[in-house]
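Encoded as structure tokens, the structure appears first; notes follow it.
The values are calculated or read from the model by the stated rules, or taken from the named source; none is laboratory data. Remember, it's a predicted structure, so these values are computed and weren't measured experimentally. Cβ sites come from the backbone with ideal geometry, for glycine too, and all protein chains shown count toward neighbours. In case anyone asks, the SASA skips ligands and DNA or RNA and just uses the protein heavy atoms, side chains included. Shrake-Rupley method; radii C 1.70, N 1.55, O 1.52, S 1.80 Å.
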Amino acid sequence: MADTRAVLDSEEYPDTEVQKDRVLTLEEWQEKWVNRNTGFHQEQGHQLLKKYLDTFLKGEKALRVFFPLCGKAVEMKWFADRGHSVVGVEISELGIQEFFMEQNLSYSEEPIMEIPGAKIFKSSSGNISLYCCNLFDLPRANIGKFDRIWDRGALVAVNPSDRKRYSDVMLSLTRPGFQYLLSVLSYDPTKHAGPPFYVTDGEVKKLFGSVCNIQCLEKADVFEERHKSWGIDQIIERLYLFTEK
């Protein structure tokens, strides 16, 4: 086990700039949902989140939990079933509709006055609210502050040139005493253009370190057969816990 840990700890790729100009449009993300190109969705939920759920929640009740770029993440129902209030943002209306359908949840939808063309989808129980809009427009809707943020598949999906803007939005949504759980991926970026994009440990610290204490909870080998099509032979997931400084 120690040998594996040493390998994982040393697994940083030097070519961090190779993806910096890569850009995906919101329309391209919407097309991924239409074309069923959603390999990022995890039907069984995120295993490391399951493992560290108690660490993340700290036994607290009635928390507000934010899911950036939520897709149809099944974990949203995990938190709602535990009595927490879930808010997500997602550009794909199809992804949001599939979440409610697959979780057998009835919902309503209404326009968001502050953001032209945007909608909010609310579960009938009232504890899940999903905003269908550009994440960077979301602050205009005044959605309040959050006790917890679960960032899996979000920072790694944001265009690299937008990361500082993204982290600024995320940190603006935190309440005093917040906990922020972040999953990022490490692989050879010269072999796969992304997304998901390669995010280094140094980048995480640069984006969040001025405001947050940063703890890396785990590094895990998450290579799957589907990753062979990316041209890579290794992919490491790093799970970070941010707390208030």
Quick one: Karplus J couplings for region 152-161, per residue in order, coefficients 6.51, -1.76, 1.60, θ = phi - 60°, nearest Hz, x for Gly and Pro? 10, x, 9, 4, 6, 9, 5, 4, x, 5
If you place +1 on the Cβ of every Lys and Arg, -1 on the Cβ of every Asp and Glu, and leave all else neutral, what size is the dipole of region 45-244 about its Cα centre, to the nearest 20 Debye? 420
Between helix 93-102 and the chain: long-axis angle, C-alpha atoms, 0 to 90°, nearest 10: 80
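State the extension gain, in nm to one decimal, for the chain segment bounded by Asn37 and Gln103, taking 0.36 nm per residue of separation less the distance between their alpha-carbons.
On the way: separation 66, 0.36 × 66 = 23.76 nm, distance 2.03 nm.
Contour length minus Cα-Cα distance gives 21.7 nm.
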What does the accessible area of Glu28 come to, in Å² to the nearest 10, when a probe of 1.4 Å is used? 80
Using alpha carbons only, how many angstrom separate the centre of region 99-121 from the centre of region 195-243? 31
May I ask you to give the percent of accessible area on the chain that is carbon plus sulfur, with a probe radius of 1.4 Å? 48
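Could you give the length gained by full extension between Lys50 and Arg22, i.e. 0.36 nm per residue of separation minus their alpha carbon distance, to one decimal place?
Working: separation 28, 0.36 × 28 = 10.08 nm, distance 3.19 nm.
That works out to 6.9 nm of additional length.
Among bridges DSSP assigns within the chain, what percent are antiparallel (round to 5)? Don't skip to the answer; put the middle values down first.
Values: 26 of 44 bridges.
Antiparallel: roughly 60 percent of the beta bridges in the chain.
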Just one of [x] 42, 41, 31; [y] 68, 64, 37; [z] 50, 40, 31 is Cα extents along the principal axes in Å calculated from these coordinates, so which is it? [z]
Protection proxy ranking, peptides 78-90, 159-171, average beta carbon neighbours within 10 Å, highest first: 78-90, 159-171
What helix-only [θ] at 222 nm does the chain give? Using -39500 (n - 2.57) per DSSP H run of at least 4, over all residues, to the nearest 500, the answer is -6500 deg cm²/dmol
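Tell me the per residue accessible area of region 23-176 using a 1.4 Å probe; a whole number in Å² is fine. Walk me through the intermediate numbers first.
Details: 7160 Å² over 154 residues.
Averaged over the residues of region 23-176, the accessible area is 46 Å².
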Return one number: the angle in degrees, 0 to 90 and rounded to the nearest 10, between the long axis of the Cα atoms of helix 163-172 and the longest principal axis of the Cα atoms of the chain. 50
Once phi is turned into ³J(HN,Hα) by the Karplus curve 6.51 cos²θ - 1.76 cosθ + 1.60 with θ = phi - 60°, what whole-Hz value does each residue of region 108-118 show in order, with x for glycine and proline? 10, 9, 8, x, 9, 4, 6, 10, x, x, 8
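Order 68-76, 144-152 from most to least packed using the mean count of other Cβ atoms within 10 Å.
Details: 68-76: 23.2, 144-152: 20.6.
Packing proxy ranking, top to bottom: 68-76, 144-152.
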Using label points projected 7 Å from each Cα along Cα→Cβ, tell me how many nm separate Trp230 and Glu114, to one decimal. 3.5
Using a 7 Å offset from the Cα along the Cα-to-Cβ direction at both Ala193 and Lys145, what is the distance between the two label points in nm, to one decimal? 4.2
Rounded to the nearest 0.05, what FRET efficiency do Cys216 and Asp15 have when you use their Cβ-Cβ distance and R0 = 25 Å? 0.70
